[in-house]
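Structure first, then comments.
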Amino acid sequence: MNTTPLTSLERPAAGTATPWLLVLMHGVGSNEQDLFGLSPYVPPHFHVLSLRAPFVLGPGSFAWFEFDVRPDGSRSIDGEQEQASRTALVREIAAHAERLGVPPARVLVGGFSQGGIMALSLLLTEPALMHGAFALHSRLLPEVLTLAAPAAELAGKQLWVSHGLQDMVIPLAQAQRIREHFGALPVALEGADFPGGHELRPAELQQWIGWLQAITQQETP
């Protein structure tokens, strides 16, 4: 993969001298326009950055990595693509934060489905990059667990995990596995599960926005 910047959309922060950076990552088969549609609802003190995944699946359709579903329902990923995307995300997030003058203590990274998967992987492997992460209808990659930073480096990090009770794309059990894993780490874990399938619904969005708002009101370095 080359080192050209990832395509992105941005909504500047407003009304603050100390903005936060909110990084949004879409699910497989979508693009940067998808989650950018949430920006009108995001608190104004966030600079919203919506990134496009680097691997092309079709017109307007992109992925952070490709994968296959085995007959037993388990998944095998393209590990080289996942690593390339993770490397690109570290570079992009750090570059945008530096450009905006936002320290890691005011950076939140997350996304929906595969975008949330990438956020969880970044939180585990590059915790110094951010204050916290959020995963909407996602799962934890076993392939990344061996790359995780020491647990002490996650102390004080924030994590939101939410899922659909009837999600048939990524089953609810995956959210439970995320919570079990991070529950054993020094991370402030919040979130809930909501009626519905593999989509975002108003009640979930409302609570997630409330989480964003609450975090920015906390004292940070």
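The values are calculated or read from the model by the stated rules, or taken from the named source; none is laboratory data. It should be emphasised that the depicted structure is a prediction, and the values quoted were computed from it without experimental measurement. With ideal geometry, Cβ positions are generated from the backbone for all residues, glycine too; neighbour counts draw on all protein chains shown. Note: areas computed on protein heavy atoms with side chains; ligands, DNA, RNA excluded. Shrake-Rupley method; radii C 1.70, N 1.55, O 1.52, S 1.80 Å.
The table that follows gives values for the structure above.
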| item | result |
| --- | --- |
| Evaluation of residue 90 against (1) modelled with pLDDT of 95 or more; (2) over 15 Å from the mean Cα position of the chain (by Cα) (one fails), failing number | (2) |
| Failed item in (1) open to solvent by less than 60 Å² (accessible area, probe 1.4 Å); (2) under 24 Å from residue 140 (Cβ atoms); (3) modelled with pLDDT of 95 or more, with residue 76 passing the rest | (3) |
| Residues located in segment 1-38, provided they are crowded, with 17+ Cβ neighbours inside 10 Å and small (Gly, Ala, Ser) | 13, 27, 30 |
| Matching residues in segment 117-130 - criterion: being farther than 10 Å from residue 89 by Cβ and either among the aliphatic types (A, V, I, L, M) or in contact with a Phe, Trp or Tyr (Cβ under 7 Å, 6 or more places away or on another chain) (or both) | 117, 120, 123, 124, 128, 130 |
| Candidates 83, 166, 176 - the one that is free of Cβ contacts under 8 Å to residues at least 60 places away in the same chain, touching a strand residue (DSSP E or B) at 6+ places or on another chain (Cβ under 9 Å) and either among the aromatic types (Phe, Trp, Tyr) or surrounded by fewer than 20 Cβ atoms within 10 Å (Cβ to Cβ) (or both) | 176 |
| Residue list for segment 184-221, filter: touching a strand residue (DSSP E or B) at 6+ places or on another chain (Cβ under 7 Å), surrounded by fewer than 17 Cβ atoms within 10 Å (Cβ to Cβ) and closer than 19 Å to residue 153 by Cα | 188, 189 |
